[in-house]
Amino acid sequence: MTLFSGMFEALIGKKITIEMKNDLSFSGTLNSVDKYMNMVISDLDKSGQYETTAAKLLNRVFVRGSDVRYAYLDRSAVDVEQLEELTRKEGLSAKS
């Protein structure tokens, strides 16, 4: 398990917005994530870009991790200090 997939596992059940490399974005509740950062997002917000697409019929999407450009999270859902510390430790262990 990678540092970031572990962080995302802690966010299961929280609201998330994913921006894809093809400029689509999905906002909803994170249901699952794996070590490849593949995600399942449900309870989609169907406003905006969904008004004229077939995606407005969906309630749940599978997002392939390699297709994600950005993940937007509620700052209160992430322990930034802990994430910074874990990132430092992982960087130091990679140098060894």
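Just so it is clear, none of the values below were taken in a lab; they were calculated from the coordinates. All values derive from a computational prediction rather than experimental measurement. Positions of Cβ are generated from backbone atoms using ideal geometry, with glycine treated the same way; all protein chains shown enter the neighbour counts.
Taken over the alpha carbons of segment 3-95 as equal point scatterers, the Debye sum produces base-10 log I(q)/I(0) values at 0.12, 0.19, 0.23 Å⁻¹ of -0.41, -0.90, -1.20.
Model label points for Ile12 and Val68, set 7 angstrom from Cα along the Cα-to-Cβ axis, are 1.4 nm apart.
Dipole of segment 3-95 computed with +1 at Lys/Arg Cβ and -1 at Asp/Glu Cβ about the Cα centre; of Gly65, Leu86, Ala10, farthest Cα towards the positive end is Gly65. Potential lengthening of the chain between Leu58 and Glu84 amounts to 5.8 nm, from the contour at 0.36 nm per residue minus the alpha-carbon distance.
Packing here is the average count of other Cβ atoms within 10 Å per residue, and on that basis the peptides 68-78, 32-42, highest first, run 32-42, 68-78. Overall, segment 3-95 carries a charge dipole of about 200 debye about its Cα centre when +1 sits on the Cβ of Lys and Arg and -1 on the Cβ of Asp and Glu, all other atoms neutral.
Applying 1/(1 + (r/R0)^6) with r as the Cβ-Cβ distance of Ser93 and Leu24 and R0 = 25 angstrom yields a FRET efficiency of 0.10.
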